[in-house]
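The values are calculated or read from the model by the stated rules, or taken from the named source; none is laboratory data. Just so it is clear, the structure is predicted and the values come from calculations on it, not from any experiment. As a convention, Cβ positions derive from the backbone with ideal geometry for all residues, glycine included, and neighbour counts pool all protein chains shown. What goes into the accessible areas is simple: the full protein's heavy atoms, side chains included, and nothing from ligands, DNA or RNA. Shrake-Rupley method; radii C 1.70, N 1.55, O 1.52, S 1.80 Å.
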Amino acid sequence: MVLKAFSPYRLSFYGGGTDIEPYPSEHGGCCISHTINLGCYGEMDFSSKKKKFLDFSSVNKSVNKGLDKILSHQYKNYNFSYFNNLPTGSGLGTSGSLIGMLAALENFKNFNKINKLQAANRAYFLEKKILKTFGGRQDEFASIYGGFNFLEFKKKKTLVSKIKVTDKFKLELQQKSLLMFTGITRDGSKIIKNHIDIFRKKKNIKYLHEIKKLTLLMRKELRKGNLQSFIENINRYWIFKKKYNPQVTNKKIDNMIETALNNGAMSCKLTGAGNGGHLLIFVNLNKRTDVIKKLQKLGCSEINFSYSKLKTTVYESA
């Protein structure tokens, strides 16, 4: 039996950092994110009589080692191959989408029927308990649920609520969104470990509280259909994130963000854990080309994408 699967990446707008333990267990956290039309694609052949692992996207060895560990935990033999649209370590939840895919393959007989929460919790278990990696809760849940979501993190559970907006809102959000790859990939777990160390030292926690408050406020703005406020407050979120953990950025990234803002962008932030990956930029159409050209001179490249309702999917190959 051969199975094929897809698992989407996500763009996180607000709340990143409040999903990283122990903050959500002690204070409760929340995020706002949207999946996109890019992701990872995989194929599993359960008839294999030996272990076989193929990566067609040249992902770093540590990621493949982790995936192999999960597969070995689940199966005696397997033939698994996959590829990513974008490199891991780029701040779009690529690792979480890969783990979501493995959870889907594991439950392939009834994956499209079982509770999404069950599948997402299983994916989170695989990443945190089997791989024992540092990271937040949002990626696996965003990928498995798909679409535009408000994710709420409590001590022992995660709640996912669909965000409903008008077609006009969706169109304008897409039109104003620009995704630029900085050319820098990084190990997000190292940055997250530093994030956790800061929390345990009881330093700068007030900024995580501010991020949470801002995320809850933006949920209200979304209910009102206030796109302008949603876009402009991205700058506030990025300031809070830097104040909590200065290691999320560096001089090169600061220069990129300043360049985007000085050339017409309304707001700009780095996606994911920080210190590399992608810039999420909001800019009006008449300034878009200016921003792209200036950032290309700094080594950035534009990533064509669209917001999507796509969720983690698995099906039997014909």
- Task: Could you tell me whether GLY66 is within 19 Å of the chain's Cα centre (by Cα), in a helix (DSSP H, G or I) and either surrounded by fewer than 21 Cβ atoms within 10 Å (Cβ to Cβ) or in contact (Cβ under 8 Å) with a residue 24 or more places away in the chain (or both)?
- Result: yes
- Which numbered condition trips up CYS268, out of (1) buried (at least 16 other Cβ atoms within 10 Å of the Cβ); (2) within 16 Å of GLY17 (Cα to Cα); (3) in contact with a helix residue (DSSP H, G or I) (Cβ under 8 Å, 6 or more places away or on another chain)? (2)
- Message: When you scan region 39-61, do you find a residue that is farther than 17 Å from GLU140 by Cα and in a helix (DSSP H, G or I), even just one?
- Response: yes
- Task: Kindly indicate the residue of region 189-207 that is within 18 Å of CYS31 (Cα to Cα) and within 18 Å of the chain's Cα centre (by Cα) and also surrounded by the fewest Cβ atoms within 10 Å (Cβ to Cβ) among those meeting that condition.
- Result: ILE192
- Apart from one, (1) within 22 Å of the chain's Cα centre (by Cα); (2) under 20 Å from MET218 (Cβ atoms) all hold for ASN245; the odd one out is (2)
- Message: If a residue must be open to solvent by less than 60 Å² (accessible area, probe 1.4 Å) and either free of Cβ contacts under 8 Å to residues at least 60 places away in the same chain or of a type in the set (S, T, N, Q) (or both), how many such residues does region 148-159 contain?
- Response: 2
- Task: Could you check, for region 28-37, whether at least one of its residues is open to solvent by 10 Å² or more (accessible area, probe 1.4 Å), at pLDDT 95 or above and either out of contact with any strand residue (DSSP E or B) (no Cβ under 7 Å at 6 or more places or on another chain) or under 17 Å from LEU179 (Cβ atoms) (or both)?
- Result: yes
- Message: I'd like the full set of residues that are open to solvent by less than 20 Å² (accessible area, probe 1.4 Å) and farther than 14 Å from LYS176 by Cβ, limited to region 280-304.
- Response: LEU295, CYS300
- (1) of a type in the set (Lys, Arg); (2) modelled with pLDDT of 80 or more; (3) part of a loop (DSSP other than H, G, I, E, B) all hold for LYS113 apart from (2)
- Message: Out of everything in region 117-147 that is within 22 Å of TYR14 (Cα to Cα) and polar (S, T, N, Q), what residue ends up being most open to solvent (accessible area, probe 1.4 Å)?
- Response: ASN121
- Task: Please determine, by comparing only the residues of region 222-243 that are buried (at least 17 other Cβ atoms within 10 Å of the Cβ) and of a type in the set (Val, Ile, Thr), which one is nearest to GLU172 (Cα to Cα).
- Result: ILE231
